[in-house]
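S.K.: Sharing a structure, written as structure tokens. Questions coming.
The values are calculated or read from the model by the stated rules, or taken from the named source; none is laboratory data. From a predicted model like this one, the values you see are computed outputs, not experimental measurements. Don't worry about glycine lacking a Cβ; one is built from the backbone with ideal geometry, like all the others, and counts go over all protein chains shown.
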Amino acid sequence: MGAFDFLMQGLVTAADPMMLFYALIGVTLGTAVGVLPGIGPALTVALLLPVTYRLDPAGSLIMFAGIYYGGMYGGSTTSILLNTPGESASIITALEGNKMARRGRGGPALATAAIGSFIAGLIATLLLAFLAPSIVKVALVFGPREYFALMVLAFVTVSAAFGDSALRGLTSLFLGLALACIGIDQLSGQARLAFGVPELLDGVEVTTLAVAMFAIGEALAIAGQGKVGREEVLAVKGSVWMTKTDWKRSWKPWLRGTAIGFPIGAMPAGGAEIGTFLSYATEKKLTKHPEEFGQGAIEGVAGPEAANNASAAGTLVPLLTLGLPTSATAAIMLAGFQQFGLQPGPLLFATNPTLVWGLIASLLIANAMLLVLNLPLIGLWVKLLTIPRPWLYAGILLFATLGTIGANPSTFELGMLLGFGVLGYVMRLFGYPIAPIVVGLILGPMAEQQLRRALAISQGDWTVLVQSPIAAVLLGIAALALIVPLILRLRGKGAVLSQLAGDED
Amino acid sequence: MTGKFFEPQRRLDRAALVIAFGLAVVAGVMLWDSARLADLGGYSGVGPASVPRVVAAVLLLLAVWTGIAAFRGDFPARPRQDPGPVLWIVAGLALQLLLLHVAGFSIATGILFALTARAFGKRNLALTLPVGIALSFVVWVVFSQLLMLHLPAGPLELLFFQKG
């Protein structure tokens, strides 16, 4: 059977009323958290993990994917109307989108963002469906050393390749790897770094760390800034419909944004925002109206918004086919799979095709739902922006602790939540990126296991790691990704890299 | 509530030096812990102690690098912080942790809710505390009764649901 038949079967699974309901909850929640500044899809999925523990695995995963897609849609609303990005992948949208809203063209800006997101989501999800089977075929021959090389590459790109400092990226990553060592060693059964505390034998929960870093650290950092004047929400004036010229000027940026965003998302580069930066730069170069850039050019909204949705779908390619998360949200989704005893990767396509293809097909449905949620119902989401900050953050902390208490109602777990929350606050304060520590905790044990397996097979011969061509190439790219940015920064060209900082979503 | 948490940027960055020291301590603890593990490398020559040792070694290197950055003042300028609100939230979390099993989910979380709202400028505890407890109670009912999550019950919850 080809990908097309599998996709059709998946659509049958996803059209089940219960699954449609899960998808609807997911996209609604996703849009809401995308709209609200300060919480993103990574945090939301982390909060929901303990809550979904007893629910249906397929439904829960469909809901998580809906949250990811919805977050990408919702972020644009906040960027355009408030000039504060709702999540990090919408920073660029604020540049042109908010200017458009100030000139009374908020409606068309929202429309081009929503329709562009829809088209990009549609194309990218189909690409995901048709690419996945061939990547799975390649991945089936992957042994421990190839997986180890892949994870090293992910470590380097997430921590050191982008962002403004390799030192702080690597420090964050290695703190994550140190946390990953805590608990019972998977191969020898010995307790490491547990100090006789029974709660530590199972290791540090990914959800505890993620919730502490993203919710509590963020709340502390915002509270610490003290009084910041509220920015006004711009009302949507005039028609939300785009004129003929708007359509003419938007469709090419949508397609280019998709073409840029999808591969960037699929590469282990740590987030959707990089694609949006590249798309914006491309549109600025190619536009016939260069004078409008900076004043509210519609191309500057259409391209990046398409790019961030395409990269969300792109992120799912390595996650589903290789079990490799390339962004913080994908890392938490991986924890979601593991919670149900599922390990994403080539084998999952063979052992549980209904679930995988149902998930992919449900993304197409979620995408259509999002278009409806975001165009006619836009007024509803704008209201969310008027919630006063004290209530909003008090509510966020309530739900953040609810997730941890629900998973494990122990004082020790809450203590870790508080401790990591303070750590997250200090890291934010000193400019340490958050994504590497989370990715380190999740991928660390997997990388260690693959390394030790590879070396056990070779009886301790380290050269085996570079003897397979795939592993050698991957390790080579990882070395380049570590060294080239270091040289660029030394030669004073670091500004571009810090612009490309991959942080949260 | 407008104390200065951090002095303006200086040549020698003391806070960054503290971070460097902290990293070195983490590395030291890892090395100490790995020393007592029986390193059964087996065929691979890589046992349970190997990876923690490598991570600790890199952390030591990063500590030195951070130290150098601290002396050169390489760290980016930090936003001025207001310690008051931060401490309110930390106090809220600490109180919730201490009271959770004594007072139950609703009261403990309601206190966290009220203190967080206070940190963000809603100072009237007579309003925020009842709102927080009521909201937490609704959350407790939904999640413990409908979604079967195990949330600690206290006097308030037992008043309405006899066996929690």
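S.K.: Might you let me know whether the range B:145-152 holds any residue that is part of a helix (DSSP H, G or I) and either within 11 Å of chain A (Cβ to nearest Cβ) or more than 21 Å from the chain's Cα centre (by Cα) (or both)? Outline the logic, then answer.
M.R.: First, the residues of the range B:145-152 that are part of a helix (DSSP H, G or I): B:145-146.
After this cut, where a residue has to be either within 11 Å of chain A (Cβ to nearest Cβ) or more than 21 Å from the chain's Cα centre (by Cα) (or both) as well, the list is B:145-146.
Scanning the range B:145-152 turns up at least one residue that is part of a helix (DSSP H, G or I) and either within 11 Å of chain A (Cβ to nearest Cβ) or more than 21 Å from the chain's Cα centre (by Cα) (or both).
S.K.: Something else now. Considering (1) in contact with a helix residue (DSSP H, G or I) (Cβ under 9 Å, 6 or more places away or on another chain); (2) surrounded by fewer than 24 Cβ atoms within 10 Å (Cβ to Cβ), say which one A:GLN190 fails and leave the rest.
M.R.: (1)
S.K.: Go through (1) of a type outside the set (Val, Ile, Thr); (2) surrounded by 20 or more Cβ atoms within 10 Å (Cβ to Cβ); (3) more than 17 Å from A:TYR393 (Cα to Cα) for B:ALA119 and report which single condition fails.
M.R.: (3)
S.K.: Contact list please: Cβ distance under 6 Å, first residue in the range A:164-187 and more than 8 Å from chain B (Cβ to nearest Cβ) and touching a residue at least 24 places away in the same chain (Cβ under 8 Å), second residue part of a helix (DSSP H, G or I) and of a type in the set (Gly, Ala, Ser), pairs at least six apart or on different chains.
M.R.: A:ALA166/A:ALA160; A:GLY169/A:SER159; A:GLY169/A:ALA160; A:LEU173/A:SER159; A:LEU173/A:GLY440; A:GLY176/A:GLY440; A:ALA180/A:GLY444
S.K.: Can I ask one more? Tell me, which helices (runs of 4 or more DSSP H) lie completely within the range A:337-451 with 1 or more residues that are within 14 Å of another protein chain (Cβ to nearest Cβ) and modelled with pLDDT under 90? Reasoning before the result, please.
M.R.: On the way: elements: A:346-351, A:353-374, A:378-384, A:389-407, A:411-429.
Filter on the range A:337-451 gives A:389-407, A:411-429.
S.K.: Within the range A:157-195, how many residues are at pLDDT 85 or above and part of a helix (DSSP H, G or I)?
M.R.: Qualifying residue count, the range A:157-195: 15.
S.K.: Scan the range B:96-107 residue by residue and report those that are more than 9 Å from chain A (Cβ to nearest Cβ) and part of a helix (DSSP H, G or I).
M.R.: Narrowing the range B:96-107 to residues more than 9 Å from chain A (Cβ to nearest Cβ): B:99, B:102-104, B:106-107.
Across the range B:96-107, the qualifying residues are B:LEU99, B:VAL102, B:ALA103, B:SER106, B:ILE107.
S.K.: Look through B:VAL46, B:VAL54, B:VAL25, B:VAL64 and report the one residue that is at the interface with another protein chain (Cβ under 7 Å from one of its Cβ atoms), of a type in the set (A, V, I, L, M) and within 30 Å of A:ALA447 (Cβ to Cβ).
M.R.: Working: B:VAL54 fails: at the interface with another protein chain (Cβ under 7 Å from one of its Cβ atoms); B:VAL25 fails: at the interface with another protein chain (Cβ under 7 Å from one of its Cβ atoms); B:VAL64 fails: at the interface with another protein chain (Cβ under 7 Å from one of its Cβ atoms).
The unique qualifying residue is B:VAL46.
S.K.: Show the residue pairs meeting these rules: Cβ distance below 6 Å; 6+ apart or different chains; first residue within the range B:74-95 and facing another protein chain (nearest Cβ under 7 Å) and in contact (Cβ under 8 Å) with a residue 12 or more places away in the chain; second residue part of a loop (DSSP other than H, G, I, E, B) and among the hydrophobic types (A, V, I, L, M, F, W, C).
M.R.: Once the first residue is facing another protein chain (nearest Cβ under 7 Å) and in contact (Cβ under 8 Å) with a residue 12 or more places away in the chain and sits in the range B:74-95, its partners that are part of a loop (DSSP other than H, G, I, E, B) and among the hydrophobic types (A, V, I, L, M, F, W, C) give B:ARG78/B:PHE6; B:GLN81/B:PHE5.
S.K.: Name the residues in the range A:452-474 that are among the charged types (D, E, K, R) and part of a helix (DSSP H, G or I), would you? It would help to see each step written out before you state the result.
M.R.: Going through the range A:452-474, the residues among the charged types (D, E, K, R) turn out to be A:452-453, A:461.
Those that are among the charged types (D, E, K, R) and part of a helix (DSSP H, G or I): A:ARG452, A:ARG453.
S.K.: Given (1) of a type outside the set (A, V, I, L, M, F, W, C); (2) in contact with a Phe, Trp or Tyr (Cβ under 6 Å, 6 or more places away or on another chain); (3) surrounded by 23 or more Cβ atoms within 10 Å (Cβ to Cβ); (4) over 27 Å from B:ARG80 (Cβ atoms), where does A:GLU199 come up short, assuming only one miss?
M.R.: Going through the list (1) of a type outside the set (A, V, I, L, M, F, W, C); (2) in contact with a Phe, Trp or Tyr (Cβ under 6 Å, 6 or more places away or on another chain); (3) surrounded by 23 or more Cβ atoms within 10 Å (Cβ to Cβ); (4) over 27 Å from B:ARG80 (Cβ atoms), A:GLU199 breaks only (3).
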